[in-house]
Amino acid sequence: MNYFRTTLLLAAMTSLFLGVGFMLGGSGGMMIALLLALAMNGFAYWNSDKMVLGMYGAREVDEASAPEYVRMVRLLAENAGLPMPKVYVIDNAQPNAFATGRNPEHASVAATTGLLQMLSPQELAGVMAHELAHIRNRDTLIMTITATIAGAISMLANFAMFSGDNRNNPLGIAGVLLLMVVGPMAAALVQMAISRGREYEADRNGAEISGRPLWLASALEKMTIAASQIDNAPAERNPATAHMFIINPLHSGRMDSLFSTHPSTANRIARLQEIAAGAKDL
């Protein structure tokens, strides 16, 4: 059901983008929007992982430079039935992590130095199992596509505001105002709905990969407290990437509200505790 819901939301995002193109330039504008979406998603498909890793100054590590971390990821990848991803470290005091890559064969996981220093080996395993679940579920590609389309909708809305020529807009100036306000907001809501749904699913699947749901629950509690106190400057400069992290790296949107990219930590921990209790009952 979660995959069906994600598919519907992706379809809604694409339809919204085409609708913005139509509002901006009629049928010709819709065709331009379609071509733009294909070009942007094609670029993101091949290059998004390199861009994000570079944005955060991630450095690749191996068993010689980070033996315990890399061996843990290798073991969890085997448990998940995945190829070994590339493993990165980000020099950042905020405890956090994300996964990226267009498919399981071209995937990477990244953890901050704060995460590696703060968590116990068991808690770290819970976090990395969560990130591997994102890779197995191909969430990294889904979230790249939604972020790309959401950004394109905002770009078209800004173009409509500054173009000054609304002759092709079926609703004229009213259509421009609608694009400026409703378009980006609707795109953000769809993106956030997809992101939150995929986080819950990755929590559940990650618990299966590690075999210990409470490892992740304990890690989430520690990370949320620390993330609220420690800045993540690259994330603050690039808030469009915030949805990639396991914990919201920004100092806002911590509530499980309409405009949050992440579910509340309390809700996530409660679900993991339910999974752990159910496993004991078997």
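The values are calculated or read from the model by the stated rules, or taken from the named source; none is laboratory data. Everything numeric in this text was worked out from a predicted model, so none of it was measured. Methodologically, a virtual Cβ is constructed for each residue, glycine included, from the backbone with ideal geometry; neighbour enumeration extends over all protein chains shown.
Remarks
- The residues listed here are Ala93, Ala133, Ala107; of these, the one that is under 19 Å from Lys50 (Cα atoms) and of a type in the set (Gly, Ala, Ser) is Ala107.
- The single residue among Leu34, Leu75, Leu82 that is farther than 25 Å from Asn96 by Cβ and without any contact (Cβ under 8 Å) to a residue 60 or more places away in the chain turns out to be Leu34.
- Qualifying residue in the range 159-181 (condition: hydrophobic (A, V, I, L, M, F, W, C), touching a Leu at 6+ places or on another chain (Cβ under 6 Å), at pLDDT below 75 and crowded, with 19+ Cβ neighbours inside 10 Å): yes
- Unique residue being part of a helix (DSSP H, G or I), at pLDDT 95 or above and over 19 Å from Arg212 (Cα atoms) when the list is Gly114, Gly126: Gly114
- Filter result for Val109 (part of a strand (DSSP E or B) and farther than 18 Å from Gly206 by Cα): no
- Within the range 60-77, being assigned to a helix (DSSP H, G or I) and aliphatic (A, V, I, L, M) holds for Val70, Met72, Val73, Leu75, Leu76, Ala77.
- Of all residues in the range 95-108, those satisfying the criterion of being surrounded by fewer than 24 Cβ atoms within 10 Å (Cβ to Cβ) and not small (Gly, Ala, Ser) are Arg102, Asn103, Pro104, Glu105, His106.
- Entry remark, the range 30-62: residues being within 21 Å of Gly114 (Cα to Cα), more than 17 Å from the chain's Cα centre (by Cα) and modelled with pLDDT under 95 number 0 in total.
- Flag not set for Gly57, criterion: small (Gly, Ala, Ser) and in a helix (DSSP H, G or I).
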